[in-house]
1. What is the residue count in region 61-73 for residues that are in a loop (DSSP other than H, G, I, E, B) and without any contact (Cβ under 8 Å) to a residue 60 or more places away in the chain?
2. Quick one: in region 143-169, which of the residues that are in contact (Cβ under 8 Å) with a residue 60 or more places away in the chain and either aromatic (Phe, Trp, Tyr) or outside any strand (DSSP E or B) (or both) is nearest to Gln130 (Cα to Cα)?
3. Just to verify a result, which residue in region 33-62, among those that are modelled with pLDDT of 90 or more and surrounded by 12 or more Cβ atoms within 10 Å (Cβ to Cβ), is farthest from Phe153 (Cα to Cα)?
4. Just checking, which of Ala86, Ala123, Ala110 is touching a strand residue (DSSP E or B) at 6+ places or on another chain (Cβ under 8 Å) and within 20 Å of Asp168 (Cβ to Cβ)?
5. Give the residue, chosen from Leu155, Leu175, that is buried (at least 20 other Cβ atoms within 10 Å of the Cβ), within 18 Å of Asp61 (Cα to Cα) and within 19 Å of the chain's Cα centre (by Cα).
6. Being under 23 Å from the mean Cα position of the chain (by Cα), of a type outside the set (D, E, K, R) and under 18 Å from Thr174 (Cβ atoms): is that true of Gln130 here?
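The values are calculated or read from the model by the stated rules, or taken from the named source; none is laboratory data. Quick caveat: nothing in here was measured; it's all calculated off a predicted structure. Cβ: placed from backbone, ideal geometry, glycine included. Neighbour counts: every protein chain shown.
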Amino acid sequence: MNRIARNLATLVALSALVTACSRDGRDMSAPSPDQTQSIAIVTTIAETVGTGFSITTPWADGGAIDAMFTCTGGSISPSITFSNIAPDVVSLAVSLVDETAGSAMHWIVANIDVTQPTLSENAVPAGAIQAINVAGTTGYHAPCAPAGETHTFRLTGYGLPQQLDLPDGTDSITLINAIELAALDTVSNTFVVTG
């Protein structure tokens, strides 16, 4: 028997088997007059709901930042509040980059405790770690733009499933890579600085 004939014979046999299995020779009896209930199978589809993870900053998304947070003002770090934190998030992190200057890293903070999800102005919570910034110092490097230029900065908040086992003063590449690899949630906004 050639290959095509064998395949055809197999297909016919499987078809007969499926047909035989679809009926077992029994018929359902008609419902009785007093039968008032039926069995219904309800299928539910799980709805995927976003966590709505968010941050609140002292500027409107895409707007100008107050001079007190820049190098021409007070050079103080802004207040940031995290909201709608998912239950599996254990720690929070923040990064601030100058997108106009090739993503120069101005600030990275990690290991922010989820039970205290607010960074106050010019302060970092106890237990948090900061990376070395674009100026070679640890902590916040106030954003600036050269005279006559406008730079766009992006502040990103992260929700992590763990504390990061890195020391304060870690280089920015190592810390941001660890944050981005671990992140369960991210949210960001931008602001502009004009020189």
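1. 1
2. Ranking the qualifying residues of region 143-169, first place goes to Leu164.
3. Filtering first and then ranking leaves Phe53.
4. That would be Ala110, the only listed residue that is touching a strand residue (DSSP E or B) at 6+ places or on another chain (Cβ under 8 Å) and within 20 Å of Asp168 (Cβ to Cβ).
5. Working: Leu175 fails: within 18 Å of Asp61 (Cα to Cα).
Only one candidate qualifies: Leu155.
6. yes
Let's see how each residue does on (1) modelled with pLDDT of 95 or more; (2) closer than 16 Å to Thr70 by Cα:
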position	(1), (2)
Gln116	no, no
Ala135	yes, yes
Pro161	yes, no
Pro167	yes, no
Asp171	yes, no
Thr190	yes, yes
